[in-house]
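Bear in mind these aren't lab numbers, they're just calculated from the coordinates by the rules spelled out. All of these numbers come straight from a predicted model, not from anything done at the bench. All Cβ positions, even for glycine, are placed from backbone atoms using ideal geometry, and neighbour counts span all protein chains on display.
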Amino acid sequence: MLRPDSIIIATPAPLGLGHIASYLLSRRPQDQVKIVDARNLRLKNEKVAQLARDFKPDIIGIGAINFEADQTHALSAQLKKSAGPVPIVLGGPYPSANRAAILEQDPNIDYLVVSEGEQTFYELVSALERGQEPAQVAGLFYRQNGSVRFTGERTLIENLDELEFDWDLLDPRSYYRRRGRNSQNIVKYSHKALNIITSRGCPYGCIFCHNVFGRKYRKRSAEKVVAEIALLKAKYGIEELEIIDDSFNLDLKRAKDICRGIIDRGLNLHIALPNGIRGDIVDDEFLDLLKQAGFYRVAFAVESASPRIQTIIKKRIDLEKVKWAIAGAARRGMIATGYFIMGFPTETEEEIEMTIRFAKKSMLDVASFWYLNPFPGTEVAKMAGEEKMFNTFFRDYNTITVNLSAVDDDTLRRLNKRAYRQFYLDLPRMARTLKVVPKNVRTLRNIYFIVKLFFQDSVRY
């Protein structure tokens, strides 16, 4: 199983590959599975192909996101050329978004696993071993008589506690690099950091968000989560943890129980929530528990301060409650981070200014102001005219590729630059933030990137 090297600098552990490999081995212990994370090891395609030849696999699985589209296709071509006629299976957010178009345009990829991959990949491996057509394997795209066939959506896994995870398959210590960016967290205390996911799915249906895990929220029990965190510390010596759920606090009671479990076990970790929480599902007790459990950074995905845009994008977050939660996190000494997007459908200049004012007046320490760039397959991509276009829009958040707003591109860029300048050129905020951020090279590097935003239109992180 492979993750390609790519333009992405951050290298958190590939949990999707780890889950699929663990599920397969739990049911087929006779198999041998090797995971090669070329992004972490910065391996060229030729080296990855050489490792595949040496391992002599019966099947190759690749996990990829939309950012990695070009590198994924190049790697698949290299593998077909070098490793022989081994079936190549592609999974992850990239195939889940683009689907049949991938097989229609790339003959080097044989199968696509969409949405959750554990059961689908296991059943595909078993079917191929028996020499059977995988027509009964739900969640799969494949070619049949020259045409692409879809076997239908798979029912989502309800009980996530049933999914065991063998961390040894990922070689966790290979991610402990002092100079490497082994996380998606903009600040970090320790290089001995790993990431976990404790839930899947989000019920809110934002029009710009991916839908790999579906709209039904499913969660691991607090006991299972705390036990995994304790294992990572005892066995692999982690000092820092990132919980990368779409929204860690959708079940507030469970989130509090996880915090209590971390406190009761005395795990003494630095913990971050870099993907963001639902800012209007927060109370004082939760914020207190976050602080006591070692959470030092909490991100809030606000997106827009316009109530009209909140309705259009189907987020419908309570902006006053979010403002209160941000202030509560900041007052407790946690790094409060805000995520905002500019260029939503029909968004006016005044509505973008509302977002800028919200961020500026808030107690956020850090803020990102991204341009709207639709993921293929999302509702907002369809608004932009996407039909069967292949990997059409999404490249990165700092470049305008589609403008659905009521302002032109130059105005959107001007407002984006103004947002960064007004937010960061604020002496009280600068003083407050410098008190709470880790004092290390990583922080200095990110300050440098922020400063660059003042002098150019976009920066790729």
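Contact order, relative form, for the chain: 12 percent (alpha carbon pairs under 8 Å, 6 or more residues apart, mean separation divided by residue count).
For the chain, the ratio of Cα radius of gyration to the globular rule of thumb 2.2 N^0.38 Å stands at 0.98. Hey, how many Å between the Cα centroid of the range 40-99 and the Cα centroid of the range 315-348? Measuring centre to centre over Cα atoms gives 38 Å. Each other residue within a Cβ distance under 9 Å of LYS192 adds +1 if Lys or Arg and -1 if Asp or Glu, for a net charge of -1. Which of rounded, prolate or oblate describes the range 1-81 when judged by the alpha-carbon gyration tensor and an a/c cut-off of 1.5? Here the range 1-81 falls in the oblate category. Shape call for the range 104-253 from the C-alpha gyration tensor, a ≥ b ≥ c root eigenvalues: rounded (a/c under 1.5), prolate (a/b greater than b/c) or oblate? Judged from the Cα gyration tensor, the range 104-253 comes out prolate (a/c at least 1.5, a/b above b/c). Per residue, the average separation of C-alpha pairs within less than 8 Å and at least 6 apart gives the range 2-150 a relative contact order of 22 percent. Charge tally for GLN119 (other residues, Cβ to Cβ under 10 Å; Lys, Arg +1; Asp, Glu -1): -1.
Between amide H atoms placed 1.01 Å from N, distances below 5 Å from ILE238 occur with LYS233, all of them 5 or more places distant or on a separate chain. In percent, rounded to a whole number, the relative contact order of the range 92-148 is 38, using alpha-carbon pairs under 8 Å and six or more apart. The packing ranking, built from the mean of other Cβ atoms within 10 Å per residue, places the peptides 185-197, 257-269 in the order 185-197, 257-269, highest first.
Beta bridges per DSSP, both residues in the chain: antiparallel share near 20 percent. Our note on the geometry: Cα centres of the range 240-283 and the range 123-147, 39 Å apart.
Taking a ≥ b ≥ c as the square roots of the eigenvalues of the Cα gyration tensor of the range 133-172, is the shape rounded (a/c under 1.5), prolate (a/b larger than b/c) or oblate? It is oblate, given that a/c is not under 1.5 and a/b is not larger than b/c. What FRET efficiency do you get for ASP410 and VAL441 if R0 is 25 Å and r is their Cβ-Cβ distance, rounded to the nearest 0.05? For ASP410 and VAL441, the calculated efficiency is 0.10.
If you take all other residues with their beta carbon under 14 Å from the beta carbon of GLY333, and give Lys and Arg +1 and Asp and Glu -1, the sum is +4.
Secondary-structure-derived ellipticity at 222 nm for the chain, considering helices only, amounts to -11500 deg cm²/dmol, per-run term -39500 (n - 2.57) for DSSP H runs with n ≥ 4.
In the chain, excluding the sites themselves, the longest stretch lacking any of the GluC sites (Glu not before Pro) that are in a DSSP loop with at most 14 other Cβ atoms within 10 Å is 165-386.
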